[in-house]
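Chemist: Starting off with a structure, shown below.
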Protein chains: 2
Amino acid sequence: MKRNPKIDRVFHALGDPTRRAMLERLSSGPMSVSLLAEPFDMSLAAVVQHLQVLQQAGLVKTEKIGRVRSCRVEASGLRAAEEWLRARRPEWDRKLDRLEQFLDKPDKR
Amino acid sequence: MKRNPKIDRVFHALGDPTRRAMLERLSSGPMSVSLLAEPFDMSLAAVVQHLQVLQQAGLVKTEKIGRVRSCRVEASGLRAAEEWLRARRPEWDRKLDRLEQFLDKPDKR
C-alpha cells in the first residue's frame, strides 16, 4: 500500500476532536494562543502540543507578533484533505457538484 | 465545545491509514470484501472490523449479492468531511476555488 506522508499527517491531526475544535475556533479568524486555549479544559502546554501537530500537518500557522504568538488556519492542509476526499468519490458524484454550482450560480449575463 | 457526532465518526474513521487505504482501493469501483482484503496484511475479521467503522461513518456501503458481500464507497460521509474542511478555510481562499474553476472551465458559448 502506498503511503502519502502529508495526507497521513493531515488526517492524523484531524482525527482528534480537540484539534478539530481548535480549527473551528480559528475559522472565525486569527487569535493568540492564550485566547485560542480559553474554552479548552487543559493546560496551555497541552494546547501548544496540539497546535504543533496542526502546524506539522499544514493546518495552522503561528507567528510571533511582538510578545504574542498568533495562530491562524492554513488553507493548504485543508485543501489537501479536501482533494483526497474528492478523489475518493465516484465520478458521477463529483459531476453533481458542478451541476449544483451551476444551479446555485446561474450566469448573470 | 459543541460536538457533531457524524463529523466525529467520519474523521475518526479517516484517521486510520488502513481505513484510508481501503477507501483508496474502493475508489476504483465496488468489490467483494475478500478482494478488498487482499493487499492487507491482516485477518479477514480485522478487515471486517475496519469496514464496520467505515460503514458507521457513512463512508462505505456493503450489500449482499448472492453469497458475496460487495462494498462500495458511499459519497455522503466524504461530502460531509469535505464540507466541514471547506467551512474552516478563510473566505478569500474559498473564493479562489471559484476563480480556478472559472479559469479551468471557460464558458464554451
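The values are calculated or read from the model by the stated rules, or taken from the named source; none is laboratory data. Note that the structure is a prediction, hence the values are computed from the model and not measured. Every residue, glycine as well, gets a Cβ built from its backbone with ideal geometry; the counts of neighbours run over all protein chains shown.
Chemist: What single numbered condition from (1) assigned to a loop (DSSP other than H, G, I, E, B); (2) of a type outside the set (A, V, I, L, M); (3) under 24 Å from B:Ser76 (Cα atoms) fails to hold for A:Glu24?
Modeler: Among (1) assigned to a loop (DSSP other than H, G, I, E, B); (2) of a type outside the set (A, V, I, L, M); (3) under 24 Å from B:Ser76 (Cα atoms), A:Glu24 violates only (1).
Chemist: Only residues in the stretch A:1-21 that are part of a helix (DSSP H, G or I) count as the first member; pair them with residues that are loosely packed, with under 14 Cβ neighbours inside 10 Å, Cβ under 7 angstrom, at least 6 apart or cross-chain, and list the lot.
Modeler: A:Pro17/B:Arg3; A:Ala21/B:Met1
Chemist: For residues that are charged (D, E, K, R) and either surrounded by 15 or more Cβ atoms within 10 Å (Cβ to Cβ) or more than 9 Å from chain B (Cβ to nearest Cβ) (or both), scanning just the stretch A:1-16, find the one that is farthest from B:Leu23 (Cα to Cα).
Modeler: A:Asp16
Chemist: Now for a different question. Within the stretch B:53-66, can you find the residues that are assigned to a loop (DSSP other than H, G, I, E, B) and under 18 Å from A:Arg89 (Cα atoms)?
Modeler: Answer for the stretch B:53-66, where residues must be assigned to a loop (DSSP other than H, G, I, E, B) and under 18 Å from A:Arg89 (Cα atoms): B:Ala57, B:Gly58, B:Leu59.
Chemist: Which condition breaks for A:Leu78 when tested against (1) within 8 Å of chain B (Cβ to nearest Cβ); (2) touching a strand residue (DSSP E or B) at 6+ places or on another chain (Cβ under 8 Å)?
Modeler: It fails just one condition, (2).
Chemist: Going through the stretch B:36-52 one residue at a time, which ones are within 13 Å of chain A (Cβ to nearest Cβ) and outside any helix (DSSP H, G or I)?
Modeler: Within the stretch B:36-52, B:Glu38, B:Pro39, B:Phe40, B:Asp41, B:Met42 meet the criteria.
Chemist: Does the stretch B:81-93 include one or more residues that are surrounded by 14 or more Cβ atoms within 10 Å (Cβ to Cβ), at pLDDT below 90 and more than 29 Å from A:Asp41 (Cβ to Cβ)?
Modeler: Within the stretch B:81-93 (the criterion being surrounded by 14 or more Cβ atoms within 10 Å (Cβ to Cβ), at pLDDT below 90 and more than 29 Å from A:Asp41 (Cβ to Cβ)), the answer is yes, since at least one residue qualifies.
Chemist: Could you tell me whether A:Arg19 is buried (at least 16 other Cβ atoms within 10 Å of the Cβ) and either among the β-branched types (Val, Ile, Thr) or closer than 22 Å to B:Lys6 by Cα (or both)?
Modeler: Against the criterion (buried (at least 16 other Cβ atoms within 10 Å of the Cβ) and either among the β-branched types (Val, Ile, Thr) or closer than 22 Å to B:Lys6 by Cα (or both)), A:Arg19 qualifies.
Chemist: Follow-up question, since we're still on this one. Of the residues A:Val68, A:Val60, A:Val33, which is touching a strand residue (DSSP E or B) at 6+ places or on another chain (Cβ under 6 Å), of a type outside the set (Gly, Ala, Ser), under 30 Å from B:Gln101 (Cα atoms) and more than 10 Å from chain B (Cβ to nearest Cβ)?
Modeler: A:Val60
Chemist: Considering the stretch B:18-30 alone, what residues qualify as being over 11 Å from the mean Cα position of the chain (by Cα) and more than 9 Å from chain A (Cβ to nearest Cβ)?
Modeler: Within the stretch B:18-30, B:Ser28, B:Pro30 qualify.
Chemist: Suppose we filter the stretch B:65-96 for residues that are under 18 Å from B:Val33 (Cβ atoms) and within 20 Å of the chain's Cα centre (by Cα); how many remain?
Modeler: 6
Chemist: Considering every residue within the stretch B:39-49, establish whether at least one is at pLDDT 95 or above, within 30 Å of A:Ala21 (Cβ to Cβ) and within 13 Å of the chain's Cα centre (by Cα).
Modeler: So far as the stretch B:39-49 goes, no, none of its residues is at pLDDT 95 or above, within 30 Å of A:Ala21 (Cβ to Cβ) and within 13 Å of the chain's Cα centre (by Cα).
Chemist: Looking at this structure, is B:Arg89 in contact with a Leu (Cβ under 6 Å, 6 or more places away or on another chain) and either acidic (Asp, Glu) or closer than 26 Å to A:Val60 by Cβ (or both)?
Modeler: Spelling it out, B:Arg89 is indeed in contact with a Leu (Cβ under 6 Å, 6 or more places away or on another chain) and either acidic (Asp, Glu) or closer than 26 Å to A:Val60 by Cβ (or both).
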